[in-house]
Amino acid sequence: MESRLTPYHASPLIECRAALVFAPHPDDESLGCGGLTLALAQRGIPVQAVLLTSGDYGEHGKAGAGVREAETLAAAKVLGLTQVHFWREPDRGVVCDERTLAAARQAILTAGADLVLTPSIHEIHPDHRATAWIAIEATRRLVEEGHALHVAMYEVGAPLQRVDVLVDITAHEAGKRAAIACYPSQLGIQPYDELIFALNRYRTYTLPAQVRYAEAYCVLTPELLCQPELLSEHELRRQERLALTSVPTPPAYFHGKKKDSPQ
């Protein structure tokens, strides 16, 4: 039963022909999916990245947009990214609207990607959440047009609530650390390398002992993308749908009803 809630085996990568990473700020591409990116590049699978902002707001932006973009280009070389696109949206002002959706749609098509990587909809930072919905909605529309695409949500500032794939990045630890090290402007604020590798280490909880680091992903299949009501499905309802709940008859209030309300 547990394996239906989280993987008990590690995957070497997420299979695809080409991948496109949507990152809200410079360094998110390295922190969130740097290990997977390295694994794909090693296999000769092209990976491009879209940086929605240049991270020029507040303390994190003191170095300036130019410095942060230069750090991204340095990290891209380490990760083996084939191309990086800077949208230069306002930091803390990313919006999911028809303009950004059109841009995301074109980016996916131009990259020839069948795997779209994006932060989780449960992230803390508003730019992360907006980026997630931009990538998901643009992909969903393309799926409705007949394109076979998958979305894989990665984690940066908040652990994923649902995990479908655990990618073993043990062999890519040094490469991911080297990519993150390209961001001294951010590491001087917080030891993000230590924080993300603590999370990557924790993600091996259900994996064999030889797996020292893993990245977690929530994968949205074409079938799931065509059922958008399931994207933010309540956890209890999901467990009921998968016949995983241990509550035979959940109390009414678990479904948002008052205890004495009629069924």
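The values are calculated or read from the model by the stated rules, or taken from the named source; none is laboratory data. Since we're looking at a predicted model, the values are computed, not measured. So basically every Cβ, Gly included, is an ideal-geometry build from the backbone, and we count neighbours across all protein chains shown.
If the condition is being in a loop (DSSP other than H, G, I, E, B), of a type in the set (Val, Ile, Thr) and within 26 Å of Ile14 (Cβ to Cβ), then the stretch 60-114 contributes Thr82, Val94.
With respect to the conditions (1) over 28 Å from Glu59 (Cβ atoms); (2) touching a residue at least 40 places away in the same chain (Cβ under 8 Å), Val156 lacks only one, and its number is (1).
When you scan the stretch 82-101, do you find a residue that is under 19 Å from Ala18 (Cβ atoms) and touching a residue at least 60 places away in the same chain (Cβ under 8 Å), even just one?
Just the residues of the stretch 82-101 that are under 19 Å from Ala18 (Cβ atoms), to begin with: 82-85.
The next check asks that each one be touching a residue at least 60 places away in the same chain (Cβ under 8 Å); those that pass are none.
Checked against the condition, which is being under 19 Å from Ala18 (Cβ atoms) and touching a residue at least 60 places away in the same chain (Cβ under 8 Å), the stretch 82-101 yields no hits at all.
Considering (1) free of Cβ contacts under 8 Å to residues at least 12 places away in the same chain; (2) on the phi < 0 side of the Ramachandran plot, the lone condition that Gly146 does not fulfil carries the number (2). In the condition set (1) closer than 15 Å to Pro26 by Cβ; (2) within 16 Å of the chain's Cα centre (by Cα), Val165 is compliant with all but (1).
Candidates in the stretch 152-164 are the residues that are surrounded by fewer than 21 Cβ atoms within 10 Å (Cβ to Cβ) and in contact with a helix residue (DSSP H, G or I) (Cβ under 9 Å, 6 or more places away or on another chain); of these, the one that is modelled with the lowest pLDDT is Gln161.
Looking across the stretch 205-262, not a single residue is farther than 26 Å from Ala132 by Cβ, among the acidic types (Asp, Glu) and modelled with pLDDT of 95 or more.
Taken over the stretch 208-223, the criterion of being crowded, with 17+ Cβ neighbours inside 10 Å, out of contact with any Leu (no Cβ under 6 Å at 6 or more places or on another chain) and either of a type in the set (A, V, I, L, M, F, W, C) or in a loop (DSSP other than H, G, I, E, B) (or both) is satisfied by Val211, Tyr213, Leu220.
All told, Cys226 meets the bar of being closer than 30 Å to Ala102 by Cβ and either surrounded by fewer than 15 Cβ atoms within 10 Å (Cβ to Cβ) or in contact with a helix residue (DSSP H, G or I) (Cβ under 6 Å, 6 or more places away or on another chain) (or both). Among the residues making up the stretch 166-182, those that are among the hydrophobic types (A, V, I, L, M, F, W, C) and crowded, with 20+ Cβ neighbours inside 10 Å are Leu166, Val167, Ile169, Ala179, Ile180, Cys182. For the stretch 122-143, the condition holds for at least one residue, the condition being that it is assigned by TED's automatic domain parsing to the domain that holds Cys218, crowded, with 18+ Cβ neighbours inside 10 Å and modelled with pLDDT under 95. Residue-level check: of (1) in contact with a Gly (Cβ under 7 Å, 6 or more places away or on another chain); (2) more than 20 Å from Ala104 (Cα to Cα), Leu199 misses just (1).
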